[in-house]
Amino acid sequence: MTADDAREAVPVRVEAIELIEVALPLVRPFRTSFGEERTKDAILVRVEAGGFEGWGECVASPAPRYSEEWNAGAWGVMRDHLGPALAGREIAHPSDVATVLGFVRGHRMSKAALEAAVLDAWLRATDTPLATFLGASRERVPCGVSVGIASTPEAMIEEIGAYLKAGYRRVKLKIEPGSDVGVVRAVRDAVGPDVPLSVDANAAYTLEDIGVFQELDAFDLVMVEQPLDHEDLADHAALAAGIRTPICLDESIRSAHDASVAIDMGACRVINIKQGRVGGILEARRVHDAARDRGVAVWIGGMLETGVGRAVNVALAAMPGVTMPGDTSASARYFAEDLTEPFVVDRDGTMAVPSGPGIGVRPGSTRLEACTVRREVIASVG
C-alpha cells in the first residue's frame, strides 16, 4: 500500500486516547543556543483504533524555546481540545485527522503526535509499514550526528572522534555567538577536509553577523542551518546571496507552503524536515515533495526523540527525495536504555528502516512504566 492507494483501506474508529509523560536521562548533556538538556521529557500518545494500538510522540520541549509549543501546553491542548474532538471519529484515511483537528489554530506538534498515533494504528490494521506507505526507496538510511556546544573545542573533538569511529557519515556542530568560527576551525583541523561537516545556529544570529558566516565559508561546510530568526526569510535570502555555504532552513519551515516560498525567494538551498514542526508525517511528505520538485535537498532532523519518534524519522529518511544523512542517530547516542528496542548504527554508517506494520516498534511495558511521570486517558468511547 502507498499513500496514493491507501483510501481503499477499511476505516478505523478512534476508541481511546491516552497521554503518557515520560522522562529519560540523557547519556550526556546536550547544549544548544537555546540552553542545556539533561533529560528527555516527552509526551507519548497511545490510541486504540479499529482494534489496534498506535503510538505517537510529541516533540515539544519542557520550555517554549525551540518553538512556541511546550509540554505542559501540548498536554493541555490534547487533553481539553484535540483529543475529545478525535475520540469516536471514524478515520478513513490518516489525512482525516488534520481535517478533524483543523478547528484549533497552530499546535502543530500536538496535532502531529495524534496523527502519528492514529496512522500507526491504521497501518497496523492493514499490515503496512510506515516506510511503504510513504513510498520509501531504501531499506537502510545513512546517519548523521548532532553535537552540542561543549565547554572546550577539545571536548567536542573527542566526542566527534568517537562518532566517526562508530561510522556516522555527517557531523553537525551546534554554534552560538562567541562559540563559532574558532570552534569550527579547530574541529575542521582535527577531522580533516573529507568529513562532511555542518553547523546549526538555531536562529541565534542576525544579518549584521554576516561576517561570521563569510569566515565560515573557509571550512567547506555542507551547510549552515537556521542562522537567523525563524521569521526572517528575506534576511536569509540576503545572507544566502552574500556567502558561498548553502543555507538550510529548520525553524522557518512549518509547512509545504513555507518550503515553497522560502525556496522560490532564494532563502535556502537545503531544508531540514521535522515532522512535528510541520504538523505531522503527511505534511512532512508534502514538504519533501515540494523541495524535490524544485531541486532542493532535504534531510530528516531530530528532536532527541525516544524510539517511538525515532522510528518515524527513520521511515521518513527512506523517502526518495531525502538525499543527505539526517539526525537519525542510534538510540545509544542519547539513552542508556530506550523505550523501544534500540536503533543501531552499523559500521557503514547506516541504520535499518523498520519493516514491521505501522512504525514497526512499540515501547516495552517495563521500561515505559519505569520512565512514566504521569498518564491520563483523555478520551474513551464505547
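The values are calculated or read from the model by the stated rules, or taken from the named source; none is laboratory data. A quick note: this is a predicted structure, and the numbers were derived from the prediction, not measured. Every residue, glycine among them, receives a Cβ derived from its backbone with ideal geometry; neighbour counts consider all protein chains shown. In case anyone asks, the SASA skips ligands and DNA or RNA and just uses the protein heavy atoms, side chains included. Shrake-Rupley method; radii C 1.70, N 1.55, O 1.52, S 1.80 Å.
Do we have residue 327 as surrounded by fewer than 24 Cβ atoms within 10 Å (Cβ to Cβ) and under 12 Å from residue 144 (Cα atoms) here? Even if it seems obvious, please write down each step before you answer.
Details: surrounded by fewer than 24 Cβ atoms within 10 Å (Cβ to Cβ): no; under 12 Å from residue 144 (Cα atoms): yes.
No: the conditions fail for residue 327.
One line per residue, one yes/no per condition, for (1) open to solvent by 10 Å² or more (accessible area, probe 1.4 Å); (2) among the hydrophobic types (A, V, I, L, M, F, W, C); (3) touching a strand residue (DSSP E or B) at 6+ places or on another chain (Cβ under 9 Å); (4) over 24 Å from residue 251 (Cβ atoms):
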site	(1), (2), (3), (4)
152	yes, no, no, yes
164	yes, yes, yes, yes
168	yes, no, yes, no
173	no, yes, yes, no
176	yes, no, yes, no
180	yes, no, yes, no
187	no, yes, yes, no
197	no, yes, yes, no
200	no, no, yes, no
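When region 222-253 is examined, which residues are found to be among the charged types (D, E, K, R), out of contact with any helix residue (DSSP H, G or I) (no Cβ under 8 Å at 6 or more places or on another chain) and open to solvent by less than 20 Å² (accessible area, probe 1.4 Å)?
Initial filter on region 222-253 (among the charged types (D, E, K, R)): 225, 229, 231-232, 235, 244, 250-251.
Right, trim to out of contact with any helix residue (DSSP H, G or I) (no Cβ under 8 Å at 6 or more places or on another chain) and you get 225, 231.
Listed by number, the list holds a single entry, 225.
Please list, ordered by first then second residue, the pairs with beta carbon atoms under 8 Å, 6 or more apart or interchain, first in region 268-294 and farther than 12 Å from residue 258 by Cα, second open to solvent by 20 Å² or more (accessible area, probe 1.4 Å) and part of a strand (DSSP E or B).
These pairs meet every condition: 269/297; 270/297.
Looking at region 265-279, can you tell me whether even one residue there is surrounded by fewer than 20 Cβ atoms within 10 Å (Cβ to Cβ) and of a type in the set (A, V, I, L, M)? Step through it out loud before you land on a result.
First, pick out the residues of region 265-279 that are surrounded by fewer than 20 Cβ atoms within 10 Å (Cβ to Cβ): 265-266, 269.
When the remaining residues are screened for being of a type in the set (A, V, I, L, M), the result is 265.
Yes, region 265-279 has at least one match.
Answer yes or no: is there a residue in region 52-72 that is touching a Cys at 6+ places or on another chain (Cβ under 9 Å) and under 18 Å from residue 375 (Cβ atoms). Full working, then the answer.
Filtering region 52-72 down to residues touching a Cys at 6+ places or on another chain (Cβ under 9 Å) leaves 69, 71.
Remaining after also requiring under 18 Å from residue 375 (Cβ atoms): 71.
Within region 52-72, one or more residues are touching a Cys at 6+ places or on another chain (Cβ under 9 Å) and under 18 Å from residue 375 (Cβ atoms).
Could you list, in sequence order, all residues of region 100-142 that are part of a loop (DSSP other than H, G, I, E, B), under 18 Å from residue 285 (Cα atoms) and acidic (Asp, Glu)? Before you say what the answer is, go through the steps one by one.
Let us first name the residues in region 100-142 that are part of a loop (DSSP other than H, G, I, E, B), namely 102-107, 126-128, 134-139.
Remaining after also requiring under 18 Å from residue 285 (Cα atoms): 128, 134-139.
If the condition is that a residue be part of a loop (DSSP other than H, G, I, E, B), under 18 Å from residue 285 (Cα atoms) and acidic (Asp, Glu), then 139 is the only one that fits.
For the condition touching a Leu at 6+ places or on another chain (Cβ under 6 Å) and under 19 Å from residue 169 (Cα atoms), what is the one hit in 351, 324, 319? Steps first, please.
On the way: 351 fails: touching a Leu at 6+ places or on another chain (Cβ under 6 Å); 324 fails: touching a Leu at 6+ places or on another chain (Cβ under 6 Å).
Sole residue among the options that is touching a Leu at 6+ places or on another chain (Cβ under 6 Å) and under 19 Å from residue 169 (Cα atoms): 319.
Quick check on my filter: what residues within region 290-324 are crowded, with 24+ Cβ neighbours inside 10 Å, touching a strand residue (DSSP E or B) at 6+ places or on another chain (Cβ under 8 Å) and part of a helix (DSSP H, G or I)?
291, 308, 309, 312, 313, 314, 315, 316, 317
Residues in region 340-360 that are touching a residue at least 40 places away in the same chain (Cβ under 8 Å), in contact with a strand residue (DSSP E or B) (Cβ under 7 Å, 6 or more places away or on another chain) and either assigned to a loop (DSSP other than H, G, I, E, B) or not polar (S, T, N, Q) (or both): how many? Lay out the reasoning, then the answer.
Within region 340-360, the subset touching a residue at least 40 places away in the same chain (Cβ under 8 Å) is 345-360.
Subsequent filtering for residues that are in contact with a strand residue (DSSP E or B) (Cβ under 7 Å, 6 or more places away or on another chain) retains 345, 349-360.
Those left that are additionally either assigned to a loop (DSSP other than H, G, I, E, B) or not polar (S, T, N, Q) (or both): 345, 349, 351-360.
Residues flagged as touching a residue at least 40 places away in the same chain (Cβ under 8 Å), in contact with a strand residue (DSSP E or B) (Cβ under 7 Å, 6 or more places away or on another chain) and either assigned to a loop (DSSP other than H, G, I, E, B) or not polar (S, T, N, Q) (or both) within region 340-360 amount to 12.
Only one residue in 57, 21, 69 is of a type outside the set (Gly, Ala, Ser), in contact (Cβ under 8 Å) with a residue 40 or more places away in the chain, under 29 Å from residue 159 (Cα atoms) and buried (at least 18 other Cβ atoms within 10 Å of the Cβ), so which one is that? Full working, then the answer.
Values: 21 fails: under 29 Å from residue 159 (Cα atoms); 69 fails: under 29 Å from residue 159 (Cα atoms).
That would be 57, the only listed residue that is of a type outside the set (Gly, Ala, Ser), in contact (Cβ under 8 Å) with a residue 40 or more places away in the chain, under 29 Å from residue 159 (Cα atoms) and buried (at least 18 other Cβ atoms within 10 Å of the Cβ).
Quick check on residue 363: is it open to solvent by less than 30 Å² (accessible area, probe 1.4 Å), in contact with a helix residue (DSSP H, G or I) (Cβ under 7 Å, 6 or more places away or on another chain) and either assigned to a loop (DSSP other than H, G, I, E, B) or of a type in the set (A, V, I, L, M) (or both)? Spell out how you get there, then give the answer.
On the way: open to solvent by less than 30 Å² (accessible area, probe 1.4 Å): yes; in contact with a helix residue (DSSP H, G or I) (Cβ under 7 Å, 6 or more places away or on another chain): yes; either assigned to a loop (DSSP other than H, G, I, E, B) or of a type in the set (A, V, I, L, M) (or both): yes.
Judged against the criteria, residue 363 is a match.
Mind checking which pairs have a first residue in region 91-114 that is without any contact (Cβ under 8 Å) to a residue 24 or more places away in the chain and open to solvent by 40 Å² or more (accessible area, probe 1.4 Å) and a second that is part of a helix (DSSP H, G or I) and of a type in the set (Lys, Arg), Cβ under 9 Å, 6 or more apart or different chains?
Note: pairs meeting the criteria are 102/111.
Can you tell me which of 145, 97, 45, 77 is out of contact with any Lys or Arg (no Cβ under 7 Å at 6 or more places or on another chain), in a strand (DSSP E or B) and either of a type outside the set (D, E, K, R) or within 30 Å of residue 197 (Cβ to Cβ) (or both)?
Working: 145 fails: out of contact with any Lys or Arg (no Cβ under 7 Å at 6 or more places or on another chain); 97 fails: in a strand (DSSP E or B); 77 fails: in a strand (DSSP E or B).
Of the residues listed, the single one that is out of contact with any Lys or Arg (no Cβ under 7 Å at 6 or more places or on another chain), in a strand (DSSP E or B) and either of a type outside the set (D, E, K, R) or within 30 Å of residue 197 (Cβ to Cβ) (or both) is 45.
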